[in-house]
Amino acid sequence: LLPRLAESLASKAAGEMGHDHVAATENFLLYMRALDAQGKWKKKLQVLRERIQHLDDYPNPRADVLREFVAECLAQLAKDDDDNQKENGGTTTEIITTTTRAECRKETAQLLHLHSDNWEFWKLFLANDDSPGMKESESMINEILEKVQEEQYPLRGPHLARIEREKLLCLKKKLTSTATDKSTTTTVSSLVAQMAAYGKEFAQRASCATGDLSGYIQFVLQEGSVEDAERLLESIQQQGFLTAPSSQDPKERRKELRGYIFGIQMSYHIIVQHTSLSDKWMPPWKDIITAWKDFQAFDIADQAQKENRAADELVLLAVQQLIAHKENKSNKVVAAVILEVAIAYSRHNAYLKIAAMLLYGDLNSARRSWELFRNVFIKHIQHESCSYLILPVLHGGGFYQEIISVCQEILRLQTSAIRDASEYVGRAMDIGTLEKATEFIEFQRTRMNRSLTTLEAKGRVLDCATIFNNVEGEKLGAVHGVVGGPDDLERVQKMISEAHNPHAAFSLLRLKGSSADNLNNFTENRDFDVLSYDILQSNSKRKTPREAVLSDSIRRCHHHSLLIRASLCLDATKGPKKGKLAKNSEELEKRCASLLATIKEASGFSQGDAHQSALYKDAFGVIVCICRAILSVSGGRTEASVEYLDKLEEREEAAAKLLTNSISFTKSIHKFFTAHSEENPVLVVSRFVPDCLVPIYAVFRMCASVLELFGWGKRKRNSRQSAKALVDLSISLTSMISQMKEIIESTLSKSPEVDLSGIDHVVSEDDGKRTKIRIECGQLETKTRIGRILAEMTDTLSTFDVDV
C-alpha cells in the first residue's frame, strides 16, 4: 500500500516544472524508489526514456544518471526474463532476454565513454554480455584503452575488466564443460596471464593493486591447480617484485618498494592456500625487515602530517610470518619488539598499533594492549565497528573494568545516534533532500537498532558489573551486580525497572529463543576490513562468527535471569517456625514459578547450543543445580509436574541431592583446568571468571543463605545432609579455583625469551629490554587482578570447611 501511495504522489510531483532543482530531483528519485519497491521495471524504463527525451524541460537528474538507471533497469528485466525462462523453458523469453541485454550494453557503453574508470559500469556491461566468447566486451575494452592511451596515468578500470572477462568466461565454460574437458584449465591460465599483466602495469604505480586482485586470486586458488598458482608466482618473480628495493633514486626506490610489497602480498595469498609452496616461495622475514630498515634512509624525515610511512606494510608482512609459526613462542616476543620500534618510527599508523595490541593480548599483557587501543583514538561510530578488536583482549587479561568503559561508549553511542538521526532526518526533510532522510532512517533502523555489537556490549556490562572497582581493591559486588549479598534485592529491582529501556544493558534480559531464532534480528556492524593486512590469517580467530557472539549474549541473558529470579525467591522465602513449614505466599509462588520456567529455558539452551563449549556447559550445570536446590528449599518445587514438597525432610533431601549433582559438574571443570591443553590457558581462566565463576559464586551464597534460614547452615554439616552437601560443594569449588590460580601463577611466572639474532641491525638490545619489561608488567597486572578475585572467593568458601 505505501509504495503504491508513494508512486501516486511522487509521479505527480515529478511531473511538475519548478525552479527548485533539488526538490525536483528528489521527487523524481522518490518516484524511482517507489517503482523499485514494487518491481515495476517496465514502467520505470518507460518513465526514464520519456525523461531523457525531455531533458531540456527537466534538466535534473543529469543525462548520465538517467542512463545509469536505464542500464540497471534493463539488467533487472533481463534477470527476470532469465528466471521466467528457467521456469517455462520458452524460446520467446530467450529472444526477449537477448534483446534486453543488448540494449543494456548499448546504454552502458555510452556511460563508459563518459566515465571510463567507473568499475560499476564495467561490471554491468560484462555481466550482460551474452555475445559468443564475450567478443563485445573484448571490443569495448580495446576501444576504451585506445581512447585513454594518451592520458598521463593509465586507468585501472579497463585493465581490471579484462581480468573480470576471463573470470566470467571461466565460469561459463565450467557450466558447459564435461569432467574431462580441459577448456576451463586453459581459461584459468589465461586469467593468470591477465593478472600478471595487471601486476606489471600497476604494482609499482598503486598500493591497491593487491586489493584489486585479491578476489581473483581466491578464484584461481579454488578453480585452478597448484601449477597455476606457481605460474603466477613465477611471473611476479620475473617482473622483479620479489626482490628488495635497491635503486638510489628516491622516486624510483619508492616505486620498487610498492612492487616489492605487491610481490610479498601475492605470495602470502597463494601460500596460505597452498602451504606446499611455502619453502620455495615464502620470502624470509629477516630480509623483509632489512628492506624496511634500509628504506628509512629514503623516507621523509619530518612526519608532519598524520600519515603512514611508505614502508610500514613491510613490518606487518614480516610480523605475520613470525606469529604464524606457532611452534616457536619466542617469535611473538620478537614480533612485539619489531612492532614497538616501528610504532616509534611511524607513530600515526593505526595498523601497526592494532597488530601490536592483538599480539600483546596473546602474550597475556593486556595492559599494553589497552594503552595502544587508547592511542588509536577510536571515536563515535568506530566504537560500534572496531571494539571487537579490544574486548576479547581485555576479557582474556582480567581488565574487566576497562571492558565496562568500552561497552559504555557503545551504549552511549546508541543514545546519541537516535537523537542525531531524529534531528538530521528533520533537517533533510526541511531542505527537500528526501534521499538523505531515507538514508538516515534506514541506517538507524537496520544498523543501529539491530546492532549485534550493542547486544554483546550489554552482556559484557552485566557480566563485569560485579567486578566494578575491583582494581582499586573493592570486594566483589561492592558497587554493582548480584553476588548473593545484602544489596542484591535493591539492585535486582533496579534491573527490572530499567529492563524496558532499549539502550540500557538490562534490556538484554528480554532476549528470548535460540541463536538460530535471533540470527536475522541482528545486524553485523563489525568492520573486519581492519584486519585485511593479515593475509596469513594469524589473527583469523579475532573474527568471531555472528552465531557465536549471539550465543554468548543469550548465555549471559540466561545467567543473569537466573540470578535475578533466585534473588527474588530468596527475598520472599520464610523459614520454618517451631519445626513446621510456613505456607508459601502468593508472591513466593509466582517467583518460584518464574525461576522454574527460566531454569527450563536455560537448560534447553545449554544442551542444544553448539557454540557453547563443554567447559561452559558444565558451569551452566552447576548454576542450574544450585538454583534448583534454592527452589526446592524455598518453595518446595522441583518440577512443574511434580507435587509440592510439603515436608522439611523432603526439601532437605532434594536440596542435598541437587547440590551433590552440582559437585560432579565442578569436578569436570576441575579436570578441564588440570589438563589445560589450550594454547593460552590464561585467556581461558580470565574469561571464565566473569562469564561463569562469578555467577556460580553468587548462587552458591544465595543457596547458603536459604539453608541458613531453614537451620541447615554450615554449622550443621555433621547432622544435616543438605549442610554436608553444601560444605562438600564449597570444598570442590575451592579446589577448582585453586587449580585456576595455579594456572595463572605457573603461566605468568615465566619470563619471556627474546632472541634478536640476525636483526640486531634493525632493533637494539635496549628495544628488546623495553619490550620485555612491558610484557612482564602487563602479565604481573593480569595476575594481580585475577588473583585478587580468586583469593576473595577462596577466602569466603574456606569459611564453610570448618569443624564445629
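The values are calculated or read from the model by the stated rules, or taken from the named source; none is laboratory data. No experiment lies behind these values; they were computed from the predicted model shown. For neighbour counting, all protein chains shown are included, and Cβ atoms are generated from backbone atoms with ideal geometry for every residue, glycine included. Keep in mind that these areas ignore ligands, DNA and RNA; they rest on the heavy atoms of the full protein, side chains included. Shrake-Rupley method; radii C 1.70, N 1.55, O 1.52, S 1.80 Å.
Which entries of Lys147/Lys167; Lys12/Lys436; Lys475/Lys574; Lys79/Lys167; Lys353/Lys741 have Cα-Cα distances beyond 26 Å here?
Those over the limit are Lys475/Lys574; Lys353/Lys741.
Please identify every one of the trypsin sites (Lys or Arg not before Pro) in region 336-443 that sits in a loop by DSSP and has no more than 14 other beta carbons within 10 Å of its own beta carbon.
Within region 336-443, the qualifying trypsin sites (Lys or Arg not before Pro) (loop, at most 14 other Cβ atoms within 10 Å) are Arg347, Lys379.
Give me the percent relative contact order of the chain, please, defined on Cα pairs under 8 angstrom at least 6 residues apart.
10 percent.
What are the ³J(HN,Hα) couplings of region 367-374, residue after residue, when phi is run through the Karplus curve with 6.51, -1.76, 1.60 and θ = phi - 60°? Round to Hz, x for glycine and proline.
4, 5, 4, 5, 4, 5, 4, 5
Where the centroid of each part is defined by its Cα atoms, how far is region 402-441 from region 720-793 in Å?
The distance from the Cα centre of region 402-441 to that of region 720-793 comes to 42 Å.
Quick one: net charge around Arg412, please, counting Lys, Arg +1 and Asp, Glu -1 for every other residue with C-beta under 14 Å from its C-beta.
Taking every Cβ under 14 Å from that of Arg412, the sum is 0.
Could you work out how much longer the chain between Gln493 and Leu2 gets when fully extended? Use 0.36 nm per residue separation minus the Cα distance between them, nm to one decimal.
172.5 nm
Counting other C-beta atoms within 10 Å, and keeping those with at most 15, which DSSP coil trypsin sites (Lys or Arg not before Pro) do you find in region 715-803?
Lys750
Can you find, among Leu111, Gly579, Met282, the residue sitting farthest towards the positive end of the charge dipole of the chain, where Lys and Arg contribute +1 and Asp and Glu -1 at Cβ?
Result: Gly579, furthest along the dipole toward the positive end.
Label Thr674 and Ser719 with points 7 Å out from Cα along Cα→Cβ: what is the distance between them in nm?
3.6 nm
Rounded to the nearest 0.05, what FRET efficiency is calculated for Ser330 and Ser540 with R0 set to 30 Å and r the Cβ-Cβ distance?
It comes to 0.85.
Please go through the residue pairs Lys293/Lys769; Lys43/Lys106; Lys512/Lys590; Lys172/Lys543 and name each one whose alpha carbons sit more than 23 Å apart in this structure.
Lys172/Lys543
Assuming R0 = 35 Å, can you tell me the calculated FRET efficiency for the pair His500 and Ser225, based on Cβ-Cβ distance, to the nearest 0.05?
Efficiency for this residue pair is about 0.05.
Viscosity 0.890 mPa s, temperature 25 °C: Stokes-Einstein D of region 714-763 from its Kirkwood Cα radius, in µm² per second?
Using the Kirkwood radius from Cα pairs, D works out to 166 µm²/s.
Straight-line reach from Lys123: which aspartates and glutamates have Cα under 15 Å away, leaving out those fewer than 8 places along the same chain?
Candidates past the 8-residue exclusion: Glu68, Glu72, Glu107, Glu136, Glu138, Glu164, Glu166, Asp212.
Sort Val479, Val341 by accessible area with a 1.4 Å probe, largest first.
Output order, biggest surface exposure first: Val479, Val341.
Starting from the Cα coordinates of region 96-236, work out the convex hull volume and express it per residue in Å³.
108 Å³
Grab the Cα-Cα distance for Asp287 and Lys200, subtract it from 0.36 nm times how many residues apart they are, and report the gain in nm with one decimal. Working shown, then result.
Working: separation 87, 0.36 × 87 = 31.32 nm, distance 2.26 nm.
Gain on extension, Asp287 to Lys200, equals 29.1 nm.
Between Asn469 and Lys172, 0.36 nm times their residue separation minus their Cα-Cα distance comes to what?
100.7 nm
Check cross-link reach from Lys772 to the lysines: straight Cα distance under 16 Å, and skip same-chain residues fewer than eight apart.
Within reach: Lys329, Lys332, Lys750.
Taking GluC sites (Glu not before Pro) as candidate sites, keep only those in a DSSP loop with at most 15 other Cβ atoms within 10 Å, then name the longest stretch of the chain containing none of them.
No qualifying site falls inside 152-306, the longest such stretch.
Pick out, in residue order, every one of the chymotrypsin sites (Phe, Trp or Tyr not before Pro) in region 372-436 that is DSSP loop and has at most 15 other C-beta atoms within 10 Å; say none if there are none.
Counting only loop positions with at most 15 other Cβ atoms within 10 Å, the chymotrypsin sites (Phe, Trp or Tyr not before Pro) in region 372-436 are Phe377.
In nm, give the distance between the simple-model label positions of Lys251 and Asp80, each being 7 Å from the Cα along the Cα-to-Cβ direction.
5.5 nm
How large are Rg and Dmax for region 153-280 when calculated on the C-alpha trace, in angstrom?
Reported Rg and Dmax, both Å: 15.3, 54.
What is the distance in Å between the Cα centres of region 218-265 and region 606-631?
Distance between centres, Cα-based: 53 Å.
How big, on average over all directions, is the shadow cast by the Cα convex hull of region 661-709, in nm²?
3.8 nm²
Percentage of Cα-Cα pair distances in region 554-651 greater than 16 Å, rounded to whole percent?
54 percent
If you line up the long axis of helix 21-38 against the longest principal axis of the chain, both from Cα atoms, how many degrees apart are they, to the nearest 10?
70 degrees
Any chance you could get the radius of gyration and Dmax over the Cα atoms of the chain, in Å?
32.7, 103
With charges set only on the Cβ (+1 for Lys and Arg, -1 for Asp and Glu), what does the dipole of the chain come to about its Cα centre, in debye to the nearest 20?
2720 debye
Of all the C-alpha pairs in region 630-739, what % are more than 26 Å from each other?
It works out to 27 percent of all Cα pairs.
P(r) tail for region 295-449, what percent of Cα pairs lie past 27 Å?
Taking all Cα-Cα pairs of region 295-449, the fraction more than 27 Å apart is 42 percent.
What is the Cα centroid distance between region 559-597 and region 482-541, reported in whole angstrom?
Measuring centre to centre over Cα atoms gives 28 Å.
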